[in-house]
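The values are calculated or read from the model by the stated rules, or taken from the named source; none is laboratory data. Small disclaimer: the values here were computed from a predicted structure and weren't measured. Don't worry about glycine lacking a Cβ; one is built from the backbone with ideal geometry, like all the others, and counts go over all protein chains shown. Please note that ligands, DNA and RNA were not included when accessible areas were found on the heavy atoms of the full protein model with its side chains. Shrake-Rupley method; radii C 1.70, N 1.55, O 1.52, S 1.80 Å.
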Amino acid sequence: MSSDEDFSMVLPGAQPSEETLEGIMVLINDYKKKYEQLIQEQEDMVTSRVGQREMTEKFKQRTVKLTQSLKEDQRLHQEKIGIEKAKVKLMKDEECKLMKDILKVEEALKEEESENKHLTQQTEVFTAVPERKVVFKGSTGKGVDSQTFDMKPHIVYPMEDGTALITFADEVVATKILELEKHQVDLGAEFSITVEARPVRLMLPSLVEIDSEVSPLHILVSNLPKMDIEMLLSRLENHFSKTKHGGGEVDDCEWLPDSGTVVIAFVKNNFARGLTNTEYHDVKLQHNKQKMDRVRVTPFLNGKITNLKTKMLTCPRTVLLTGIPTIMERENLQDLLEIYFQKMSNGGGEIEAILYNPLGQHTSALFEGVSTDEEQE
């Protein structure tokens, strides 16, 4: 082999030089491999990306389904809650209705118990009105549909000071005085006063309902003899205060002149019932008589006003005069007022009563048997 010929030796494991064809081929092969590897990695990434997109789409669809399912569950839950609330409301309404029914039943039961108690008292009390013998001397006739009675008012009317009340015999005169209103009353010696006439309005009861019940502390004693009242009360108190006669300590003993009976009040409430059960009692009331006096003992009824209605009444014949100064003696000024309002020239007329209350004094007028012809609600 000549020295001019090219000579190369490749040792095992040695990297060919890039300047040689063999090195370039090796380098090209390496780049091909890297390219193929990059292409494969790219394909793998594309495949992975597609898989991820598909998975993402599946998750989206599943999320939508789950969201719809959740909304449907919430809707169903809300409907169930609404149904349960409606049931609860219905149960509460039913409970409220039942409570009202229970209250009505309890009230009805109380009324029945009260009525039963009242009927029991009426059964036990044969009468609380003392017996009195009467003789009928009138004549009989056709009865009316209903019974009525008149109640005469007894009214204490507080008068303001510097006023006067005048009651005329004729309503027309009182009306005329009220229409004139201002009146200049001549007092003589060139003196006069100006008074004002006003109507008198009274409040009267139009309906009174009274509920009565038997008093556990009182008894009513009747069938009493005619004798000194003080002695009668003393003898009765002495008799009914003794335990051997069924009585006890007496708190008060009162004479009722209208009915001629006596009301005895005990300190404790365990004596009256036993005494009324016996009804008739023999009591030594008069020393000049050998025998005992037989008196009747009945229950005493307590009255309680349960309903009261009133109405306003304008007195048709009475006029109130106001603005009266104190310039002379009461009697003299009252006489001058009466003289003035009696004169027809002053619009007055016949006077039945007059009452003058000077300044600085307190006076009350009494109205009895007031007519109710002219009333205003």
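Summary of values
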{"read-out": "Inter-label distance for Ser48 and Trp255, nm, one decimal - labels placed 7 Å from Cα along Cα-to-Cβ", "value": "13.0"}
{"read-out": "Leading residue at positive end of dipole, region 50-129 (Cβ point charges), from Phe59, Leu103, Ser114", "value": "Phe59"}
{"read-out": "Accessible surface, 1.4 Å probe, highest first, among residues Thr167, Thr194", "value": "Thr194, Thr167"}
{"read-out": "For Lys268, solvent-accessible area (1.4 Å; no DNA, RNA or ligand), Å²", "value": "130"}
{"read-out": "Long-range amide H partners of Gly348 with built H, under 5 Å", "value": "Lys343"}
{"read-out": "Residues of region 308-348: accessible area per residue with a 1.4 Å probe, Å²", "value": "52"}
{"read-out": "Hz values of 3J(HN,Hα) by residue in region 166-175 - Karplus curve (6.51, -1.76, 1.60), Gly and Pro given as x", "value": "10, 10, 8, 6, 10, 5, 4, 5, 4, 4"}
{"read-out": "Solvent-accessible surface (1.4 angstrom probe) belonging to His287, in square angstrom, nearest 10", "value": "130"}
{"read-out": "Amide hydrogen neighbours beyond the local backbone of Asp252, cut-off 5 Å, H modeled", "value": "Ala265"}
{"read-out": "Theoretical gain in end-to-end length, Lys110 to Lys85 [0.36 nm per residue, Cα-Cα removed]", "value": "5.4 nm"}
{"read-out": "Relative pair counts by distance (%), Cα atoms of region 50-129, 10 Å bins", "value": "14, 16, 14, 12, 11, 9, 8, 6, 5, 3, 2, 0"}
{"read-out": "Above-threshold pairs, the threshold being 29 Å between Cα atoms, out of Lys110/Lys311; Lys110/Lys268; Lys80/Lys104; Lys226/Lys309", "value": "Lys110/Lys311; Lys80/Lys104; Lys226/Lys309"}
{"read-out": "All-pairs alpha carbon distance profile, region 208-307, 5 Å steps from 0, percent", "value": "2, 13, 24, 25, 18, 10, 5, 2, 1, 0, 0"}
{"read-out": "Relative packing of peptides 354-360, 34-40, 297-303 - highest average C-beta neighbours within 10 Å first", "value": "297-303, 354-360, 34-40"}
{"read-out": "Backbone N within region 187-228 under 16 Å of label point (7 Å from Lys309 Cα along the Cβ vector)", "value": "204-210"}
{"read-out": "Magnitude of the charge dipole, region 50-129, Cβ model with Lys/Arg +1 and Asp/Glu -1, debye to 20", "value": "1280"}
{"read-out": "Where region 208-307 is the region considered: accessible area per residue in Å², 1.4 Å probe", "value": "59"}
{"read-out": "For q = 0.24, 0.27, 0.28, 0.29 Å⁻¹, Debye-computed log10 I/I(0) when each Cα of region 205-266 counts as one equal scatterer", "value": "-1.03, -1.21, -1.26, -1.31"}
{"read-out": "Formal net charge of residues neighbouring Phe191 (Cβ-Cβ distance under 15 Å; K, R +1; D, E -1)", "value": "-4"}
{"read-out": "Largest-first ordering by accessible area, 1.4 Å probe, given options Met312, Met91, Met231", "value": "Met91, Met231, Met312"}
{"read-out": "Cut-off 12 Å between beta-carbons: net charge of the residues surrounding Glu209, Lys and Arg +1, Asp and Glu -1", "value": "+1"}
{"read-out": "Backbone HN-Hα couplings from phi across region 309-324 [Karplus 6.51/-1.76/1.60, Hz, Gly and Pro as x]", "value": "10, 10, 9, 8, 10, 9, 5, x, 10, 10, 10, 9, 9, 10, x, 8"}
